[in-house]
2 protein chains.
Amino acid sequence: MSDDALPLLDKLIHERARMGIMSLLAGGGEMSFSELRGDLGLTDGNLSVHLKTLQKAGYLAVTKTYRKRRPHTTCSLTPEGRTAFEAYIDQLEEIVRRARGSRAPEGGS
Amino acid sequence: MSDDALPLLDKLIHERARMGIMSLLAGGGEMSFSELRGDLGLTDGNLSVHLKTLQKAGYLAVTKTYRKRRPHTTCSLTPEGRTAFEAYIDQLEEIVRRARGSRAPEGGS
């Protein structure tokens, strides 16, 4: 019954790869597709799918341009994305706080 | 490339319902099936599947007894489960710390 038990963590952000994307963009401002791919160790297809999911949610702005005649894709968080990520981080912090509060007191082996 | 980008969050715990189960048991010691179901708002089937997953991973001890001739199931974390949950919480804490560090400095809108 208690509503506190399961925080309504944003499913869109909670998925590990997307959490990685959001974290990097929250820290790094704007990143290219290949930077994200390199940092996260994802395949092209996998990264594309996750970017599309975040873009559809309105969390991500994707800009396609050309550099030396090659397509160049950059991603950044939208204001909504930043707000959602901060709310998510607040919830994680609360989970950590509670877990720390309930840590077993004994020091044993 | 940077290994820090995507912490290797334990998939078994990261799923939201299982994170809820682990959190409750880390705090509450031992809980019955119906207590968990009530606190998490999960269906019987859904809770059963997640408990089985955690049990198979060695994170959860499930005890079946009878109370007033009715089956009574209780769950608690194993020492491995507690260790895994604490490692997971450490990682969440690190994610929160980094996100706080990279929060946009302006006080906007």
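The values are calculated or read from the model by the stated rules, or taken from the named source; none is laboratory data. Keep in mind the model is a prediction, meaning the values are calculated, not measured. Note: ideal-geometry Cβ built from the backbone for every residue, glycine included; neighbour counts use all protein chains shown.
At-a-glance table
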quantity: Flag for A:R97 being under 30 Å from B:L24 (Cβ atoms) and charged (D, E, K, R); calculated: yes
quantity: Subset of region A:23-55 (residues that are touching a strand residue (DSSP E or B) at 6+ places or on another chain (Cβ under 7 Å) and within 12 Å of chain B (Cβ to nearest Cβ)); calculated: A:L24, A:L25, A:A26, A:G29, A:M31, A:L36
quantity: Among the candidates A:S48, A:S23, residue that is of a type in the set (S, T, Y), surrounded by 13 or more Cβ atoms within 10 Å (Cβ to Cβ) and modelled with pLDDT under 95; calculated: A:S23
quantity: Where B:T74 falls short, out of the listed (1) touching a residue at least 12 places away in the same chain (Cβ under 8 Å); (2) closer than 25 Å to A:M19 by Cβ; calculated: (2)
quantity: A:L92 vs. criteria under 24 Å from B:L12 (Cβ atoms) and in a helix (DSSP H, G or I); calculated: yes
quantity: Filter pass, A:L77 being modelled with pLDDT of 90 or more, touching a strand residue (DSSP E or B) at 6+ places or on another chain (Cβ under 7 Å) and within 12 Å of chain B (Cβ to nearest Cβ); calculated: yes
